[in-house]
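Below is one structure; the comments refer to it alone.
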Amino acid sequence: MPRKKTEEVVDGIFMEPVPITLGDEVRIRYKGLLAQSGANKVYLHMGYGANEWRNIEDIPMRKLRDGSWSATVQVSDPSSLNFCFRDDAENWDNNYGRNWTYQVHDGDQLSH
């Protein structure tokens, strides 16, 4: 199966693959405010769930040559993937308090 190209889902946020299926390894690349401000370290702050976040993790991101930051996560919950970003000085980019949320599919929903 051909690899899907990284897709810019919103300004400065790139994901691969889209849509997200349970069990996928998802690469998230960030070129947002913290990257543009010259952060020394950026963390992907993520969790799962519709209302209350659960299984919350802070994942260190790797700085790329173009100044963006990248992390790969294994999707292990069939609800929704929620995330935002923070730097090592505790500055946050949380989409103006809305975070970023993507529905996780179980695979059956995509079949014809």
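Remark: the range 21-28, residue by residue, has Karplus-estimated 3J(HN,Hα) of 10, 3, x, 5, 9, 10, 9, 10 Hz, where x stands for each Gly or Pro and the curve is 6.51 cos²θ - 1.76 cosθ + 1.60 at θ = phi - 60°. Where in the range 88-105 does the amide nitrogen come within less than 20 Å of the point 7 Å from the Cα of Asn40, taken along Cα to Cβ? Taking a point 7 Å out along Cα→Cβ of Asn40, the residues of the range 88-105 whose backbone N falls under 20 Å are 88-93. Calculation over all alpha carbon pairs of the chain in 10 angstrom steps from 0 returns a P(r) of 14, 48, 31, 7, 1 percent. For n ≥ 4 DSSP H runs only, could you compute -39500 (n - 2.57) per run for the chain, divide by its residues and tell me the 222 nm figure to the nearest 500? My calculation for the chain gives -500 deg cm²/dmol from helical runs alone. Taking amide hydrogens as placed 1.01 Å from N in the peptide plane, the amide H of Val42 sits under 5 Å from those of Met61, each at least 5 positions away in sequence or on another chain. Summarising the amide proton neighbourhood of Val104: residues at separation of 5 or more, or on other chains, whose placed amide H is nearer than 5 Å comprise Ser80, Leu81. Phi-derived couplings, Karplus 6.51 cos²θ - 1.76 cosθ + 1.60 at θ = phi - 60°, listed residue by residue for the range 77-82: 9, x, 8, 9, 9, 10 Hz, with x used for Gly and Pro.
For the range 21-81, with the dipole built from +1 on Lys and Arg beta-carbon atoms and -1 on Asp and Glu ones, taken about the Cα centre, which of Tyr30, Asn51, Val73 lies farthest toward the positive end? Ranked along the dipole, the leading option is Tyr30.
Every read-out reported here was derived from the displayed coordinates using simple, explicitly stated rules and does not represent laboratory data. All figures in this text were calculated on a predicted structure; none of them were measured in a lab. In this analysis, Cβ positions are derived from the backbone assuming ideal geometry, glycine residues included, and neighbour counts consider all displayed protein chains.
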